[in-house]
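All remarks here apply to the structure that follows.
The values are calculated or read from the model by the stated rules, or taken from the named source; none is laboratory data. Since this is a predicted model, take the numbers as computed values, not measurements. Positions of Cβ are backbone-derived with ideal geometry, glycine not excepted, and every protein chain shown enters the neighbour counts. These accessible areas exclude ligands, DNA and RNA; they are computed on the full protein's heavy atoms, side chains included. Shrake-Rupley method; radii C 1.70, N 1.55, O 1.52, S 1.80 Å.
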Amino acid sequence: MRVRFAPSPTGYLHVGGARTALFNWLLARNDGGVFILRIEDTDISRSTEEAIEAIIEDMRWLGLEWDEGPETDGDHWPYRQTGRAALYLKAAHRLLDEGKAYRCFCLPEELAERRERAVAEGRSPMYDRRCRDIPVDEARRMEREGRPFALRFKVPEGETVVGDLIRGEITFLNTEIEDFVLLRNDATPTYNLAVVVDDLDMQVSHVVRGDDHLSNTPKQILLYHALDAEEPAFAHLPMIVGEDGKPLSKRHGDVAVGRFREMGFLPEARINFLALLGWSLDDSTTIMDRETLIAGFSIERVSSKPAVWDDDKLLWMNAQYIMSLSDERLVQA
Ligand code: GLU
């Protein structure tokens, strides 16, 4: 089993990201597999070095050490997307050469205007595929003239099935999937292209991530197939909600992992608490040390229902750990 945590360093590590990292780590440790940390910094304007450092520090505080990734070894160096541009270009050009992608000369302003008009008229805002049928010779000529273009994926006919390990099979009609962009007109890759190229290159066997990515998964499966590869197994973790049922956010209080450290929460308590956000060992055990979590963790026992964040439970759990720790450990913490 090869799993990965792939944060975008556009801010601090929040509890949702930490839960995703933890579940991947537990799966790898349970199975004797490999846990990879990959920094997804293709969005250069929003990614920062400070965020990368903070994520690494928080992961270490939580004790989620990685086997491959920054500041470690691994056969798929670099583990940072900005250093992997050549791989994305190669895959995108292969798809173009094989007629599975096409040049789109529509300008961003035109696209935005058409989208707005479509929404106002009650039509689908999806790209209308108008550049799909430009003959290849004509498209090449336009490229030579210096016209900027993006590369779009030619979504085939049919349907795409996501066999999710938590939710079962989910079928998407390809008519509802946009001819999505692979390379922007400055030749930078989009998330969907970069993530597939990296997961393939890093031989990721299981993609375990938040369910906010579920709508990307059929696009990624189509890309795997277009690259003549088999897709990994997928598991989409249920979202974390506050007690009001709304997605957990700053409105509910602190969501940054770093803040919990500052407030004096013990990493043992944090890990135990995060593990129970969507997973349970047996519906009754609450206090579990790392070894018990590793031994007992399985995707089969992850729920598809939203996980509710409960501050009182976290405080109670932290108190349990404080009471059980030796004086020396408590002084260290
Ligand atoms: N970089 C993505 C994010 O932070 C993760 C994508 C993935 O796990 O596939 O949301």
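Numbers for the structure displayed
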| read-out | value |
| --- | --- |
| Boolean, E40 is within 16 Å of the ligand (Cβ to nearest atom), open to solvent by 10 Å² or more (accessible area, probe 1.4 Å) and under 25 Å from D179 (Cβ atoms) | yes |
| First in the range 206-219 and closer than 11 Å to F172 by Cα, second anywhere and within 8 Å of the ligand (Cβ to nearest atom), Cβ under 6 Å, 6 or more apart | none |
| The range 150-186: number of residues that are within 16 Å of A101 (Cα to Cα) and open to solvent by less than 50 Å² (accessible area, probe 1.4 Å) | 12 |
| Residue among D198, D212 that alone is surrounded by fewer than 16 Cβ atoms within 10 Å (Cβ to Cβ) and acidic (D, E) | D212 |
| Pick from the range 97-128, criterion of a type in the set (K, R) and open to solvent by less than 70 Å² (accessible area, probe 1.4 Å), ranking: nearest to G69 (Cα to Cα) | K100 |
| Number of positions in the range 281-333 that are in contact with a strand residue (DSSP E or B) (Cβ under 9 Å, 6 or more places away or on another chain) and among the hydroxyl-bearing types (S, T, Y) | 3 |
| Residues of the range 75-96 satisfying the condition of being open to solvent by 70 Å² or more (accessible area, probe 1.4 Å) and of a type in the set (A, V, I, L, M, F, W, C) | W77, A86 |
| Any pair with Cβ under 6 angstrom, 6 or more apart, that starts in the range 21-43 at a residue that is under 18 Å from L281 (Cβ atoms) and ends at one that is assigned to a loop (DSSP other than H, G, I, E, B) | W25/L64; L26/F297; N30/F297; D31/M1 |
| Lone qualifier among L22, L27 - being closer than 25 Å to G296 by Cβ, within 15 Å of the ligand (Cβ to nearest atom), hydrophobic (A, V, I, L, M, F, W, C) and open to solvent by 10 Å² or more (accessible area, probe 1.4 Å) | L27 |
| Failed criterion for L62 (all others in (1) farther than 28 Å from L266 by Cβ; (2) of a type outside the set (G, A, S); (3) more than 16 Å from the ligand (Cβ to nearest atom); (4) open to solvent by less than 40 Å² (accessible area, probe 1.4 Å) hold) | (1) |
| Filter result for I299 (closer than 30 Å to G163 by Cα, touching a residue at least 40 places away in the same chain (Cβ under 8 Å), surrounded by 13 or more Cβ atoms within 10 Å (Cβ to Cβ) and touching a Leu at 6+ places or on another chain (Cβ under 9 Å)) | yes |
| Positions within the range 267-305 being within 19 Å of the chain's Cα centre (by Cα) and of a type in the set (A, V, I, L, M), in sequence order | L274, A275, L277, I299, V302 |
| Conditions (1) farther than 29 Å from V207 by Cα; (2) without any contact (Cβ under 8 Å) to a residue 40 or more places away in the chain: number failed by I322 | (2) |
| Among the residues listed as A269, A275, the single one being in contact (Cβ under 8 Å) with a residue 60 or more places away in the chain, surrounded by 19 or more Cβ atoms within 10 Å (Cβ to Cβ) and of a type in the set (G, A, S) | A275 |
| Given (1) assigned to a loop (DSSP other than H, G, I, E, B); (2) open to solvent by 40 Å² or more (accessible area, probe 1.4 Å), index of the condition W316 fails | (1) |
